[in-house]
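Chemist: Handing you this structure, nothing more for now.
The values are calculated or read from the model by the stated rules, or taken from the named source; none is laboratory data. Because the structure is predicted, anything quoted here is derived from the model rather than measured. All Cβ positions, even for glycine, are placed from backbone atoms using ideal geometry, and neighbour counts span all protein chains on display.
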């Protein structure tokens, strides 16, 4: 392992371990010990059984929200569902808007533009919506609004009642909204699904089953811990996604060359979400919402093709931005000069790309990163963090007076700042990080469930591992470590030759496995059959030309 990597071995095992021993270790590592806990883990409860107390939502607030919405439906008042341009925001909007329409509401969805309106409620947009819709009486936010105090006061001055549904970290002062349906324990789409469920119960109609699939899309995309209620939503929602007849989902998975019956959290996180996010990053996210909601199969195909094309453009722009960061900032980030927080800004960095760029910098350097699209008067920033460093708390702590606005989670945040304050912010962040971030925080931890010999990697083991799905934050893929591993074959693969494709055997054993090591091409020149290595990996099923076999997905390599 590299100097910045630390293996966290949960439990070791000896060579005599049985299949049941291995599975018990994996369960224990996830704090699952009793038979009741095992049953709930393997067979998560249907989310329809969720009660509000379980997820930290105030029953009084949701009752106020449902009462006001039913009143608006009865009186045929115009309702705006005001969303957000990421996957969670799009799915939140789709769930609530479709629910309202099915209940007879005069409702309209609204997604702001990242570039002209920014994140959250926009005062000019609210005024325009009211001017264009004189009968507009009720505004419902989804996946945002919990820190929009001033904008909500402005909406009220326009004669609007405001219901907030959100899951982001609240500020010090509660917004003056009619009702606040909020919890930090779920995704925005999960909160939207809960409100829709409560609304349908009061109205006496059945839940729309495939809305749970959209809630799963938002939950996985927003990297919520897949434990408890979020595991239930992901588990049951994936079932719905695999069988949904929603034209937009079917067209999207076809464009992405995914077998709909096999959709899992990997496909959502790395293939589906980037396509849905791409519109909001480069153009306007309304087309992503249109794709999700359309009932026209031809229109769905056209929109899916547009999303795929836009996503490819997004990938190219991301590569260009990272090359510029590397040339202008990365050249100074090495050895003792590597700061505890990475800070890069330039006028060429596009708002829709900076979040991805910040995430890639965290992957490469393993420390918090802030990438900023520099403007003449105002600059917009995206921040990503590492475990143990609450990035939104850190941003707020160094001086809230510096920001026009700021919000987010412990691991991801965004803010707008006056350009003249960028260097002040950089200095203050560096000073704060020197005091608050330890070397332990900046040591990448590779988690290992247990040591494993290659002869224990069998189809039977894989079938047991599948029962641990869905994998994600809070429930990572079971990860193993093997020593005395020899490289029979190795080659560089990928467009930029940055990945490794390997054939591995262990010791004198006969079992040989193919392995893929993403972004580990740097090890290629050091590998040879006579140099034993130590590998950390997960086990996956590889399908090629109709053949299925087990493959190792390498997480880390140590060369003896």
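Chemist: If I go through segment 167-184 residue by residue, how many of them are over 19 Å from residue 393 (Cα atoms) and free of Cβ contacts under 8 Å to residues at least 24 places away in the same chain?
Modeler: 0
Chemist: Could you tell me which numbered condition residue 542 fails, if it satisfies all but one of (1) under 25 Å from the mean Cα position of the chain (by Cα); (2) at pLDDT 90 or above?
Modeler: Here residue 542 meets the rest and fails (2).
Chemist: If residue 461 meets every condition in (1) under 23 Å from residue 227 (Cα atoms); (2) in contact with a helix residue (DSSP H, G or I) (Cβ under 7 Å, 6 or more places away or on another chain); (3) buried (at least 19 other Cβ atoms within 10 Å of the Cβ); (4) at pLDDT 95 or above apart from one, which number is that one?
Modeler: Here residue 461 clears every test but (3).
Chemist: Run down 181, 142, 223 and say which single residue is surrounded by fewer than 19 Cβ atoms within 10 Å (Cβ to Cβ) and in contact with a strand residue (DSSP E or B) (Cβ under 8 Å, 6 or more places away or on another chain). First the steps, then the outcome.
Modeler: Details: 181 fails: surrounded by fewer than 19 Cβ atoms within 10 Å (Cβ to Cβ); 142 fails: surrounded by fewer than 19 Cβ atoms within 10 Å (Cβ to Cβ).
Checking each option against the conditions leaves just 223.
Chemist: With respect to residue 379, is the statement that it is closer than 14 Å to residue 441 by Cα and surrounded by 23 or more Cβ atoms within 10 Å (Cβ to Cβ) true?
Modeler: No; evaluated as a whole, the condition is false for this residue.
Listed here are the residues, each with its yes/no results for (1) under 30 Å from the mean Cα position of the chain (by Cα); (2) surrounded by 13 or more Cβ atoms within 10 Å (Cβ to Cβ); (3) at pLDDT below 95.
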site	(1), (2), (3)
440	yes, no, yes
473	yes, yes, yes
481	yes, yes, no
497	yes, no, yes
503	no, yes, no
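Chemist: Here is a follow-up. Is there a residue in segment 355-371 that is more than 19 Å from the chain's Cα centre (by Cα), outside any loop (DSSP other than H, G, I, E, B) and either in contact (Cβ under 8 Å) with a residue 24 or more places away in the chain or closer than 20 Å to residue 223 by Cα (or both)?
Modeler: yes
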